[in-house]
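The values are calculated or read from the model by the stated rules, or taken from the named source; none is laboratory data. It should be emphasised that the depicted structure is a prediction, and the values quoted were computed from it without experimental measurement. Because the Cβ atoms are built from the backbone with ideal geometry, glycine has one as well, and the counts that use them run over all protein chains shown. Surface areas here come from the heavy atoms of the whole protein model, side chains and all, with no ligands, DNA or RNA. Shrake-Rupley method; radii C 1.70, N 1.55, O 1.52, S 1.80 Å.
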Amino acid sequence: MNVQIEQSWKEVLSNEFDKSYFIQLTQFVRQEYSTKTIYPPGRLIFNAFNSCPFHQVKVVIIGQDPYHGPRQANGLCFSVNDGIETPPSLVNIYKEIQQEFGTPTPASGNLQRWADQGVLLLNATLTVEAHKPGSHQNKGWEQFTDAAIYALSQQRENIVFILWGSYAQKKGAHIDKSKHLVLTSAHPSPLSAYRGFFGNNHFRLTNQYLEQHGITPIEW
């Protein structure tokens, strides 16, 4: 199957594309895009992968679903397009970064600048129907993104995996902690941010780990 995804990821995940679950997933997604409003735009479904080739990944942040409102989703978890109001979870992420580094809060919620530095901003589910959160869960995307996480865990070393909330922690449960740094805390959602997200120091810890292994840190 010819999947439009960045070449290094295409090679790493080549075994997935001919599996029955992925063929069924592709048929489902095509049907959904042809009959409903689906986010993100089709060309951005694999934006997380296309922005961050396999061998350039330094950090992985795991989200759950794309945003389901107009013009929000751009294929990167927690990220929205320029000109769109910064969502509540990302507001809290920015607050934590400001607390850790004293840097001003960015005006834009577009995290493409992180992806370009080697941060894989990976949602577990890569598509969603407009105004219906979770509508494309359990259709096969989770198996595909599990395969991507497994490949990074097995074939790479010294990646920082950032797992906020129980969903991400469950998804990252099998990461090889002898080869990678795994950081966990509460989710940055307003519902849980004060229960352990604020003050987790994850951005500073990430950069310290990268620098200890001779890797250029992230400009958050």
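From the list Pro87, Pro104, exactly one residue is over 28 Å from His55 (Cα atoms) and open to solvent by less than 40 Å² (accessible area, probe 1.4 Å). Which is it?
Matching residue, one of Pro87, Pro104: Pro87.
I need a count of the residues in region 138-150 that are more than 15 Å from Ile62 (Cα to Cα) and either touching a residue at least 60 places away in the same chain (Cβ under 8 Å) or touching a Ser or Thr at 6+ places or on another chain (Cβ under 8 Å) (or both).
2
Restricting to region 167-209, give me the number of residues that are in contact (Cβ under 8 Å) with a residue 12 or more places away in the chain and assigned to a loop (DSSP other than H, G, I, E, B).
Count: 17.
Scanning region 139-154 for residues that are of a type outside the set (A, V, I, L, M, F, W, C) and assigned to a helix (DSSP H, G or I), which turns out surrounded by the fewest Cβ atoms within 10 Å (Cβ to Cβ)?
Selected residue: Gln154.
State the number of residues belonging to region 107-138 that are touching a strand residue (DSSP E or B) at 6+ places or on another chain (Cβ under 8 Å), in a loop (DSSP other than H, G, I, E, B) and buried (at least 17 other Cβ atoms within 10 Å of the Cβ).
So the count comes out to 8.
Yes or no, residue by residue, for (1) under 17 Å from Lys139 (Cα atoms); (2) outside any helix (DSSP H, G or I); (3) touching an Asp or Glu at 6+ places or on another chain (Cβ under 8 Å); (4) open to solvent by 60 Å² or more (accessible area, probe 1.4 Å):
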residue: Ile5; (1), (2), (3), (4): no, yes, no, no
residue: Phe22; (1), (2), (3), (4): yes, no, yes, no
residue: Phe28; (1), (2), (3), (4): yes, no, no, no
residue: His55; (1), (2), (3), (4): no, no, no, yes
residue: Val60; (1), (2), (3), (4): no, yes, no, no
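Out of curiosity, is Val29 among the β-branched types (Val, Ile, Thr) and either in contact with a strand residue (DSSP E or B) (Cβ under 8 Å, 6 or more places away or on another chain) or at positive phi (or both)?
Yes.
For region 172-203, enumerate the residues that are closer than 20 Å to Thr86 by Cα and open to solvent by 50 Å² or more (accessible area, probe 1.4 Å).
Listed by number, the residues that qualify are His187, Pro190, Leu191, Tyr194, Phe198.
Kindly provide the set of residues from region 72-103 that are within 20 Å of Ala193 (Cα to Cα) and in a loop (DSSP other than H, G, I, E, B), ordered by number.
Cys77, Phe78, Ser79, Glu85, Thr86, Pro87, Gly102, Thr103
Can you give me the number of residues within region 43-75 that are among the charged types (D, E, K, R) and within 10 Å of the chain's Cα centre (by Cα)?
Final tally of qualifying residues: 1.
Return the residue satisfying two criteria in turn: it lies in region 30-53 and is in a helix (DSSP H, G or I) and of a type in the set (Phe, Trp, Tyr), and of such residues it is most open to solvent (accessible area, probe 1.4 Å).
Only one residue fits best here, namely Tyr33.
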